[in-house]
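Reading through the structure tokens given below for one structure.
The values are calculated or read from the model by the stated rules, or taken from the named source; none is laboratory data. All figures in this text were calculated on a predicted structure; none of them were measured in a lab. Please note: Cβ atoms are built from the backbone with ideal geometry, for glycine as well, and neighbour counts cover all protein chains shown.
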There are 4 protein chains.
Amino acid sequence: MAREIKYGMVGGSIYAFIGEVHRKALAFDTRAELVAGCFSNVESENIDTAKAYGVSAERTYKDYKEMAAAEAKRADKLDFVSICTPNFLHYEVAKEFLLAGINVVCEKPLCFAVEEAEELEKLAKEKDLIFAVTYAYTGYVMPKVMKEMIANGKIGKIAAIIAEYAQDWLIDELSPEKQGQTKNLSVWRTDPKFSGISNCVGDIGTHAENMIHYLTGLKMKRLMATTDNYGHALDLNANIIAEYEGGVRGQIWCSQIAAGRMNGLVVKIYGSEGSLEWEQHFPDYVKYTPRGKATEILSKRNSYITEAAHAAARIPSGHPEGYYVAFANTYRNILNAVAKKKAGEKLTDKDLDFPKVSDGVNGVKFVHAVIESSKSDGAWVSLD
Amino acid sequence: MAREIKYGMVGGSIYAFIGEVHRKALAFDTRAELVAGCFSNVESENIDTAKAYGVSAERTYKDYKEMAAAEAKRADKLDFVSICTPNFLHYEVAKEFLLAGINVVCEKPLCFAVEEAEELEKLAKEKDLIFAVTYAYTGYVMPKVMKEMIANGKIGKIAAIIAEYAQDWLIDELSPEKQGQTKNLSVWRTDPKFSGISNCVGDIGTHAENMIHYLTGLKMKRLMATTDNYGHALDLNANIIAEYEGGVRGQIWCSQIAAGRMNGLVVKIYGSEGSLEWEQHFPDYVKYTPRGKATEILSKRNSYITEAAHAAARIPSGHPEGYYVAFANTYRNILNAVAKKKAGEKLTDKDLDFPKVSDGVNGVKFVHAVIESSKSDGAWVSLD
Amino acid sequence: MAREIKYGMVGGSIYAFIGEVHRKALAFDTRAELVAGCFSNVESENIDTAKAYGVSAERTYKDYKEMAAAEAKRADKLDFVSICTPNFLHYEVAKEFLLAGINVVCEKPLCFAVEEAEELEKLAKEKDLIFAVTYAYTGYVMPKVMKEMIANGKIGKIAAIIAEYAQDWLIDELSPEKQGQTKNLSVWRTDPKFSGISNCVGDIGTHAENMIHYLTGLKMKRLMATTDNYGHALDLNANIIAEYEGGVRGQIWCSQIAAGRMNGLVVKIYGSEGSLEWEQHFPDYVKYTPRGKATEILSKRNSYITEAAHAAARIPSGHPEGYYVAFANTYRNILNAVAKKKAGEKLTDKDLDFPKVSDGVNGVKFVHAVIESSKSDGAWVSLD
Amino acid sequence: MAREIKYGMVGGSIYAFIGEVHRKALAFDTRAELVAGCFSNVESENIDTAKAYGVSAERTYKDYKEMAAAEAKRADKLDFVSICTPNFLHYEVAKEFLLAGINVVCEKPLCFAVEEAEELEKLAKEKDLIFAVTYAYTGYVMPKVMKEMIANGKIGKIAAIIAEYAQDWLIDELSPEKQGQTKNLSVWRTDPKFSGISNCVGDIGTHAENMIHYLTGLKMKRLMATTDNYGHALDLNANIIAEYEGGVRGQIWCSQIAAGRMNGLVVKIYGSEGSLEWEQHFPDYVKYTPRGKATEILSKRNSYITEAAHAAARIPSGHPEGYYVAFANTYRNILNAVAKKKAGEKLTDKDLDFPKVSDGVNGVKFVHAVIESSKSDGAWVSLD
């Protein structure tokens, strides 16, 4: 089943969560083949994963540096590598593959330090490599509809942006006697050594920031914020007022202690000619209210949806597409870009409809700004 | 149809909106009778209103000062007066009736200046008079359920408070060419002379602030805010981060330009043991999520509701009660208090389950703090 | 407070539920005055109710026959009587007042026997009297919007009608050991002597049937049905397939044992050009889907609503109006008709936008047809 | 990438819809490999599909009979075949592979004639082969939760079952001048030659019937129904009253002309101890109301969900799983059964948690009963 595009993976053993999501998403479009990997530093897990996906022993590496070096030398080297390691390793792994001349797809957050993020961005540019960052929620069909509607002036001039991303899986951390006992609470989620300077803002707040940018194209200029650690080393909740270019303002709330909220990314964009409201729990629907008219419930692939968005949907309206499809859509656009580049074609903006290293940089800056503002008792912090 | 409690009204002609709401609300419990009024400075409207409600010519006054003076002297003087005038008159009318020794029910906002608000509060205390302010949304049954649940520890220690009040009736004001043409846009809604220092925050932001205080009992300590005037003299949108006693933090967003939002007061309270979420558009329901359990949809008068809350409902579950009933419930408690006081009984806290002059003072302080913070580029402003 | 229209009441003591709803609803429009009554056969309750509403001792009657006779002779006789007695008395009381030449407003169901219903209809016609039956749900604003939209062809030719009315207050009756212990379960709700031939279909199924007729104007021609008694004398659940004029077909499900359903009247009308879906729990909203377009959420008093419907709303969109207002709207139209008739004006169809004796007759026929079909193992039964 | 289970496919070219869904669903669990196929009678499409999936030329067949014969002889013959042809071919293809001793997975409907369905069932039994029918909606996590809850008595004795499956994609067929112009309207969808005796009931009504059986285990005993063809050869809408074993009754409505309904499969089960309500548009949630308590919103993988159901979820709560995952879950269980059988292990009921040939037989019987009842003017038709 030799396929057009060959990819490798660092991290992402079959015993972890996110690597499987990447591979299943890639399987939606039968263009890419997993041919190399360094899936785990646990040897047996590395080998099991290679076997499950038919990766040859020769290209199953014990070390990602060895992998980058070896692949760089091959005539049939990787078309791209997907990085699914714990967050604190993203920077060094991505850098290694960029230096090896290989396109990179990296899980978010891109890295922890602004300088590192900017270094990766610069390096990708110098090497003329594709560098995607998998903020996967922008892969859903309806955000694509919203982006297109906003660009086409359907809601006029943007006046207010309200977003939230609320979860409850760390609620037990509010009770001193239960601290650290949350099921599935990895140490690298709450330990600064492994999580960088932020937990909640870095993990989910950035998704809200990224989605706002994706939908509106507006650059965030400055923000003021408070964070709540509730006695922990890192934040579990944050309140943010953000100012975007053109003086547009809005709020972002993110939380991991909000009982009943599972994965509640909600984005509401209000403009002079209408509004758009979207919730990740029900990704196939958007509330659209044209000024002075009734609220409409837009859904994917219906005739009233724009052509481009229509194309993004894979199954008929009324069949929920879900998270894997969002991920698959992101990869579909990445694969298109990788294939075009491989064929020596020039990439246009339209070819780059996926989160890129610049989005990763924005995310890292955003996290730093929130934490800095919080430490300065809510003072404005610029993101320029 | 002589009834136990006699009341008068200033403002509230039958040709205006809010006076009718007060009278219909009072009609729900057959205890109070309208016997005096100064309903309008338009003579014919004053007389028409008096006739419609059977108010005698003798007690139909041309001037509220004359009314206060005349009623003060009567043996059968008013048990209370309801003030439904435009906002900028609340202070002077309320003061006049307090001085005349008559209990006061006043529309919100109480007044414009903090000093005036505090003066009214002081005067009511000195004169030992009941002074209610009709923030009517706290009269719905489910906020009463929520208040009781929070007091009983059902959601544990409060950790985050997120609220919004969004409308769209001023959206046309975002378009320079349409400014001032909004249907029903009274000049006293957007002119500082008649609206005081704020439009949106004063009109609806205070409802969010009041509801949070009603539900949680928490005192707001300080806030930082931005307001958006979009070229107008007064605010049409505001973003607020608030800090309450005990270090609890949260956000409030209020807006009059949010397409599709009609009267969207939403309050979400998250605690260590669960959460409560309520939306004014669907007032008979509350989302309650106990920590680690499924979200429950609570509804009025069901057996799983607390006894006190059960008592507040008037009709069986599944029959929507609506805005008039919220207003009527507020008045029911006011009438109880007025009757008890008249009978010489001592009022307990339980008898005072309605918004009072202290709530009005909080509201005025809140508005001032938001506007002051906004003018100071979002600096923290204390409410103490 | 002498008002234009004088009314009396039979049944409806202040200690019962529905009489209070009628009086509160009538208080919304300050046109009618309660001047006579026979509120209860318990003397103290009769007197208490009279006192609460200022009804004179002279016009507080011990017996409804005496009341009809006495009122018939007065120069200032009642403009109409509201009948709020238990259902099994509706027929005889209504007949007495019609014979006395007094307009009648009667609670639903009109009566138990088809012959009695038709007799009342004939009598009202002969005497040229207004006879309203308070199926109150048609008084909500949005059903009025729907009716107007359907009449104006907004959904084209009707193709399917799906309705349900589900409650759960009798669920305990499913458990043999709990039978008869349901809280608030009046004997006259489940005893054929007091309830006639049906419990569930008569109590709530008729509301669905009436709403369908109100909205579409279609006459039901025949039906086939099963009913479930679960071991009781009367039905607690029913499944109905109905055929309307023009060959339109649909389903009705009604139940009093459906856990979680409080007062779930849902009506969905599908036509060749679009559809309308409405749920009583959220009465201020209608889902409208024009063919091939997005579903719209219509709400009362917005600019996109028809003028006539706009007029029916009392408060701005976003303020829930609720059950009392639905009732008040029904009475508003009844009062208009009564006043016009009193003034000697001719009533047009537009003046009769409230459920009438013909609706009551339809309801009785419908109940009989369902029960007859059920007894014939689901055979078609004609309603002609 | 040699995998444990080898499968083939008949129909399902990459240019058609459903074959891709099957293959993507199978890719979720890395156990099965596509090794043979007869994907299309258009040669180029057959070859393109084979190439896309790496199927060897040797095992790319021009004819399904040739394929069955050739595979039957191989030492490494197929572990199962997936049949994705147009419906009218299901019977003959399935029969051929059963005779060749190969396990079968067949799209629904199984076939058109009851005799054929029963023949396939008998044949599968005789040959001791696995025969799955892909009614995929039962693969969603929450129906599995519901099934388990019902089996465990959480809603007590079932008292009423209400289901509907409504779409709007054939609404234009209501307008005589637009007939036959519906986008994507295949001739084999509405032509009896290719669709058998029914369009709407066969296409979607059976999904409702199958889901009810899956959830409750109840056998449908008899039904009475009306169908609406609106001038066409086959049905576009149907109303059904069904009676299940134990005297339980309920309704099913299915329609392809209901504006605004995209893929609205809704199932509501009411019992003596509670109820469960589920909607395919929002498959990750179930409304559960225990008798006399608040309605709970259950969601996949939360701690309050049963262990077995928890195991069925693939990603954390709040990440929508969607239609592909439902399909993948069905295939996961099929693959488990195929692997166990291959290993010579005995299959238990628990291993067979997927729709089987018996479900297919039920579906065909159901369709015939509905059409027969409709032709007999709604007379009861037995399904025994």
Quiz item: Of all the residues that make up the range A:333-357, how many are closer than 17 Å to A:Ile83 by Cα and under 17 Å from the mean Cα position of the chain (by Cα)?
Solution: 6
Practice problem: Looking for whichever is of a type outside the set (Val, Ile, Thr) and within 30 Å of B:Ile162 (Cα to Cα) here; the options are A:Ala132, A:Ala136. Which one fits? | Solution: A:Ala136
Quiz prompt | Set C:Lys193, C:Lys221: member being surrounded by fewer than 21 Cβ atoms within 10 Å (Cβ to Cβ), out of contact with any Ser or Thr (no Cβ under 8 Å at 6 or more places or on another chain) and either within 14 Å of chain D (Cβ to nearest Cβ) or assigned to a helix (DSSP H, G or I) (or both) | solution = C:Lys193
Quiz item: Can you tell me which of D:Val357, D:Val338 is touching a Cys at 6+ places or on another chain (Cβ under 9 Å), crowded, with 17+ Cβ neighbours inside 10 Å, farther than 25 Å from A:Ala16 by Cβ and not assigned by TED's automatic domain parsing to the domain that holds D:Lys154?
Solution: D:Val357
Quiz item: Which condition number in (1) of a type outside the set (A, V, I, L, M); (2) assigned to a loop (DSSP other than H, G, I, E, B); (3) at pLDDT 95 or above is the one that C:Gly360 fails?
Solution: (2)
Quiz item: Does A:Asn229 satisfy being without any contact (Cβ under 8 Å) to a residue 40 or more places away in the chain, crowded, with 24+ Cβ neighbours inside 10 Å, more than 12 Å from chain D (Cβ to nearest Cβ) and closer than 29 Å to A:Ser358 by Cα?
Solution: no
Exercise. Check A:His319, A:His310 and return the single one that is within 14 Å of chain D (Cβ to nearest Cβ), closer than 27 Å to D:Ala25 by Cβ, free of Cβ contacts under 8 Å to residues at least 24 places away in the same chain and not in a helix (DSSP H, G or I).
Key: A:His319
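Taking the range A:118-144, which residues are within 27 Å of A:Glu345 (Cα to Cα) and of a type in the set (A, V, I, L, M, F, W, C)? Break it down stepwise before answering.
Let us first name the residues in the range A:118-144 that are within 27 Å of A:Glu345 (Cα to Cα), namely A:118-136, A:138-141, A:144.
Answer for the range A:118-144, where residues must be within 27 Å of A:Glu345 (Cα to Cα) and of a type in the set (A, V, I, L, M, F, W, C): A:Leu120, A:Leu123, A:Ala124, A:Leu129, A:Ile130, A:Phe131, A:Ala132, A:Val133, A:Ala136, A:Val141.
Within the range A:163-182, count every residue that is β-branched (Val, Ile, Thr) and surrounded by fewer than 23 Cβ atoms within 10 Å (Cβ to Cβ). Spell out the reasoning first.
Of the residues in the range A:163-182, the ones β-branched (Val, Ile, Thr) are A:171, A:182.
Then drop every residue that is not surrounded by fewer than 23 Cβ atoms within 10 Å (Cβ to Cβ), which leaves A:182.
Result for the range A:163-182: 1.
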Exercise. Say whether the condition of being touching a strand residue (DSSP E or B) at 6+ places or on another chain (Cβ under 8 Å), within 30 Å of A:Lys122 (Cα to Cα) and not aromatic (Phe, Trp, Tyr) is met by at least one residue in the range A:51-61.
Key: yes
Quiz item: Looking at the range C:32-56, which of its residues are more than 16 Å from C:Asn103 (Cα to Cα) and within 14 Å of another protein chain (Cβ to nearest Cβ)?
Solution: C:Phe39, C:Asp48, C:Thr49, C:Ala50, C:Lys51, C:Ala52, C:Tyr53, C:Gly54, C:Val55, C:Ser56
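Let me confirm something: among C:Lys157, C:Lys125, which residue is among the charged types (D, E, K, R), assigned by TED's automatic domain parsing to the domain that holds C:Arg261 and modelled with pLDDT of 95 or more?
After applying the criteria, what remains is C:Lys157.
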Quiz item: Is there a residue being touching a Phe, Trp or Tyr at 6+ places or on another chain (Cβ under 8 Å) and in a helix (DSSP H, G or I) anywhere in the range B:155-174?
Solution: yes
Self-check item: Filter result (of a type outside the set (Asp, Glu) and closer than 11 Å to C:Tyr323 by Cα) within the range B:318-327
Solution: B:Gly318, B:His319, B:Pro320, B:Gly322, B:Tyr323, B:Tyr324, B:Val325
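Can you give me the ranges of the strands (runs of 3 or more DSSP E) entirely in the range D:238-299 with at least 1 residues that are more than 8 Å from every other protein chain (Cβ to nearest Cβ) and farther than 26 Å from C:Arg291 by Cα? Steps first, answer last, please.
Working: elements: D:249-255, D:264-271, D:274-279, D:285-290, D:295-299.
Where strands (runs of 3 or more DSSP E) fall fully within the range D:238-299 and carry at least 1 residues being more than 8 Å from every other protein chain (Cβ to nearest Cβ) and farther than 26 Å from C:Arg291 by Cα, they are D:264-271, D:274-279, D:285-290.
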Quiz item: Is it fair to say A:Ile150 is closer than 29 Å to A:Asn239 by Cα, touching a helix residue (DSSP H, G or I) at 6+ places or on another chain (Cβ under 7 Å) and assigned to a strand (DSSP E or B)?
Solution: no
Quiz item: Within the range A:253-288, restricting attention to residues that are out of contact with any helix residue (DSSP H, G or I) (no Cβ under 6 Å at 6 or more places or on another chain) and of a type in the set (Gly, Ala, Ser), which residue is surrounded by the fewest Cβ atoms within 10 Å (Cβ to Cβ)?
Solution: A:Gly264
